[in-house]
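Here's the structure we're looking at; comments come further down.
Nothing in this text is a laboratory measurement; each read-out follows from the coordinates by a stated rule. Being a predicted model, the structure only gives us computed values, none of them experimental. Ideal geometry is used to build each Cβ from the backbone, glycine not excepted, and the neighbour counts take in all protein chains shown.
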Amino acid sequence: MDNDDYLLEKHHDWLLEQARTLGSSAAGVCAGESPYTTPYELWHHVRRAIHGEIHPSVLNDDMRRGLLTEPLHRDLLAQEIGMNVHDHPQDQFIYNDKYPWAHALPDGWIYPDEGKKGIEIPVQLKCPRPRSWHKIKREGIHGYWLLGSQHALAVTDAPYEHFSVLNPETMRLVQFPVRRDDELISELMAIEKHFYESVMADEVPEYQVEHDLPDLSGDMVKLIDDRAIDTAKYYLEALSYYNDAKLLMDEAKAKVKELVGEVSVVEMPGLRVYQHLNDGRVTLDRKKLVADGLDLEPYEKIGKPYTTMRVYPLKGE
């Protein structure tokens, strides 16, 4: 295994070339389907790269896990499909004259007519968190991963992409072909072109929010420097981890509840579960007290002023 397989830092020229055009990961971002990056973040990232202003970003755990497991993943996939999975040099970006704003960078290739000149099939290797692996196993490819595959198929002109997902806990694969969808590709390329044109025209995308924002009580300060971008990205990644962990815990609690039923105490390997029926809490009915003529003001206390912080993720259009 070549030492380059474990190279976790990319040189400056590679970072610039990768960021100046849109890759598979950017496809889902442009469409507003990525849980990790907003179109607003991507817009500034591409804009800075076009002007030669880019700095190496710190690899998050998801990126690091994917890079470190890729050589093993490639070997496991080759064993499972009974076919060689050829490496693709990661400094060789693929371009297509039909989509000058885009590039593809497959993780590898398979040749169904091995040993002959024939069709080349790009390979995508993913090693997500276990919950995402199970979701793909249940539901198939979806969301931003599907868009990433269609982006790669658009650029490479391949009829399908071989998509493989590695579970980092069990080292088991879910792998299947993702067929080319020309209608989806047409829609996706139109979105990407519009996004890229907004970058070239220096037109920052507007925000969309899933919830109503509170009214402004004062002036709003906008921060768009590198520190602000990195801080926002750090928060959004942490929020993603939190949401994943919460969903996993909710699923785990539901499984435990289903298993123990109504039994008061259950012990199993590594766990002891107690269930106790509690009396309802005693509270004061303030409305009834007021209706009965009791003045509550003399009994009320006012605490010291304090600050609250509520953070609302934003999505660019």
Tilt, helix 182-200 to longest principal axis of the chain (alpha-carbon atoms), in degrees rounded to tens, equals 80
Counting Lys and Arg as +1 and Asp and Glu as -1, each charge on the Cβ, what is the dipole of segment 3-208 about the Cα centre in debye, to the nearest 20? 580
Beyond a 22 Å Cα-Cα separation, which of these cross-linked pairs lie in this structure: Lys193/Lys222; Lys137/Lys255; Lys135/Lys246; Lys135/Lys193? Lys193/Lys222; Lys135/Lys193
In terms of the Cα gyration tensor, with a ≥ b ≥ c the square roots of its eigenvalues, is the chain rounded because a/c is under 1.5, prolate because a/b exceeds b/c, or oblate? oblate
Please name which of Phe176, Leu42, Val290 has its Cα lying farthest along the dipole of the chain towards the positive end, using unit charges on Cβ (Lys, Arg +1; Asp, Glu -1) and the Cα centre as origin. Val290
0 to 90° range, to nearest 10: angle between helix 39-50 axis and the chain longest Cα axis: 40
Quick calc, segment 224-278, dipole around Cα centre from Cβ unit charges on Lys, Arg (+) and Asp, Glu (-), nearest 20 debye, gives 240
Between 0 and 90°, nearest 10: helix 143-156 axis offset from the chain longest Cα axis: 20
Return the sequence-ordered ³J(HN,Hα) values of segment 12-27 in whole Hz as given by the Karplus equation 6.51 cos²θ - 1.76 cosθ + 1.60 applied to θ = phi - 60°, using x for Gly and Pro. 4, 5, 5, 4, 5, 5, 5, 8, 6, 10, 8, x, 4, 5, 6, 4
